[in-house]
Amino acid sequence: MAAGNTKSSQPLLVQLLRDYRATTDRRVQLIDAYMVFLMLTGILQFAHIFLAGSYPYNAFLSGFSSTVGAFVFAAALRVQTNPRNTPSTKSISPERAFADFIFCNLLLFLAVANFLG
């Protein structure tokens, strides 16, 4: 029964990816790829704390919080630069949104480096 579900869901996933590539702006796809990278990095850091131990706990907290913070800033950038959201974010240009993203990430990484010691 599980094999039947896999076969029926495979064309659905292929169609989902095809529609995503066709209808989503390239800049938004790049931001999405960055968000997937951040999510995988956070999962790996969380798995490492369980497998290897939590000796440098400040390092784990710094790394994980920087990953979560960068993910949140990337999500905000995605919302502000998505062409489908222009009525709600028309007062913010994509260049301004990117500058805010860079500035917030710089502040985040300075705080993380300060927390490391």
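The values are calculated or read from the model by the stated rules, or taken from the named source; none is laboratory data. Since we're looking at a predicted model, the values are computed, not measured. Cβ: placed from backbone, ideal geometry, glycine included. Neighbour counts: every protein chain shown.
I'd like to know if segment 68-81 contains one or more residues that are loosely packed, with under 15 Cβ neighbours inside 10 Å and basic (Lys, Arg).
No - not one qualifying residue is present in segment 68-81.
Quick check on my filter: what residues within segment 33-84 are small (Gly, Ala, Ser) and farther than 30 Å from TYR20 by Cβ? Before you say what the answer is, go through the steps one by one.
Within segment 33-84, the subset small (Gly, Ala, Ser) is 33, 42, 47, 52-54, 59, 62-63, 65-66, 69-70, 74-76.
Listed by number, the residues that qualify are ALA52, GLY53, SER54, ALA59, SER62.
Check segment 15-26 and report whether any residue there is of a type in the set (Val, Ile, Thr) and either at pLDDT 90 or above or in contact with a Phe, Trp or Tyr (Cβ under 7 Å, 6 or more places away or on another chain) (or both).
Of the residues in segment 15-26, the ones of a type in the set (Val, Ile, Thr) are 23-24.
When the remaining residues are screened for being either at pLDDT 90 or above or in contact with a Phe, Trp or Tyr (Cβ under 7 Å, 6 or more places away or on another chain) (or both), the result is 23-24.
Yes.
Going by the conditions given, is SER66 at pLDDT below 90, out of contact with any Gly (no Cβ under 7 Å at 6 or more places or on another chain) and among the hydroxyl-bearing types (Ser, Thr, Tyr)? Don't jump to the end; show me each part of the working.
Details: at pLDDT below 90: no; out of contact with any Gly (no Cβ under 7 Å at 6 or more places or on another chain): yes; among the hydroxyl-bearing types (Ser, Thr, Tyr): yes.
For SER66, the condition - at pLDDT below 90, out of contact with any Gly (no Cβ under 7 Å at 6 or more places or on another chain) and among the hydroxyl-bearing types (Ser, Thr, Tyr) - is not met.
Say we look at segment 84-100 and pick out the residues that are β-branched (Val, Ile, Thr) and under 16 Å from ALA74 (Cβ atoms); which of these is modelled with the lowest pLDDT? Step through it out loud before you land on a result.
So in segment 84-100, the residues β-branched (Val, Ile, Thr) come out as 86, 89, 92.
Pick out the ones that are also under 16 Å from ALA74 (Cβ atoms) and you get 89, 92.
Details: THR89: 74, ILE92: 87.
In this case the residue turns out to be THR89.
Mind listing whichever residues of segment 47-60 are touching a helix residue (DSSP H, G or I) at 6+ places or on another chain (Cβ under 7 Å), under 17 Å from ASN114 (Cβ atoms) and not small (Gly, Ala, Ser)?
Let us first name the residues in segment 47-60 that are touching a helix residue (DSSP H, G or I) at 6+ places or on another chain (Cβ under 7 Å), namely 49, 54, 58-60.
Filter once more, keeping what is under 17 Å from ASN114 (Cβ atoms): 58-60.
Passing the criteria: ASN58, PHE60.
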